[in-house]
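Asker: Got a structure for you, written out below as structure tokens; questions coming shortly.
Just so it is clear, none of the values below were taken in a lab; they were calculated from the coordinates. Small disclaimer: the values here were computed from a predicted structure and weren't measured.
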Amino acid sequence: MVERKDVEAALAARHELGRAYEPEIVDSMLEKIERRLAEHRPVAPAPHHRHRGSFTPLALGSIGAGVGATAIATGNHQGWVAVVAWIAIVLVNFAVAFRRS
């Protein structure tokens, strides 16, 4: 981090310039240390944010959509439409579940 030659140079400067310049010498040494720390500081990887919300809204929405589709389909004597709707709902739920894992 801080090399011996830097410390020796700061001590020699203090010896030559005297106590009056000690604050400037210390500040200069601290700037070097901070600069070197900044150069060698490891860069942390950006956190990976994944939204892991609850499955409850999806499940309740799926059931509501399925019941509604079933009611409309069977009310019009088109039971096969209800089956297609439930298959689509299942596929959507599986897609969301596998995307989150």
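Asker: What ³J(HN,Hα) values, in whole Hz, does the Karplus curve 6.51 cos²θ - 1.76 cosθ + 1.60 give for segment 60-76 when θ = phi - 60°, with x put for Gly and Pro?
Answerer: Couplings: 5, x, 5, 5, x, 5, x, 5, x, 5, 5, 5, 5, 5, 6, x, 9 Hz.
Asker: Looking at (i) 36, 21, 14; (ii) 21, 17, 12; (iii) 77, 12, 6, which value of semi-axes √(5λ) of the Cα gyration tensor in Å comes from a calculation on the structure shown?
Answerer: It is the one labelled (iii).
Asker: Separate question: So what is the calculated 222 nm ellipticity per residue for the chain, using -39500 (n - 2.57) for each DSSP H run with n of 4 or more, over all residues, to the nearest 500 deg cm²/dmol?
Answerer: Working: 4 runs with 75 residues, N = 101.
Per the formula, -25500 deg cm²/dmol.
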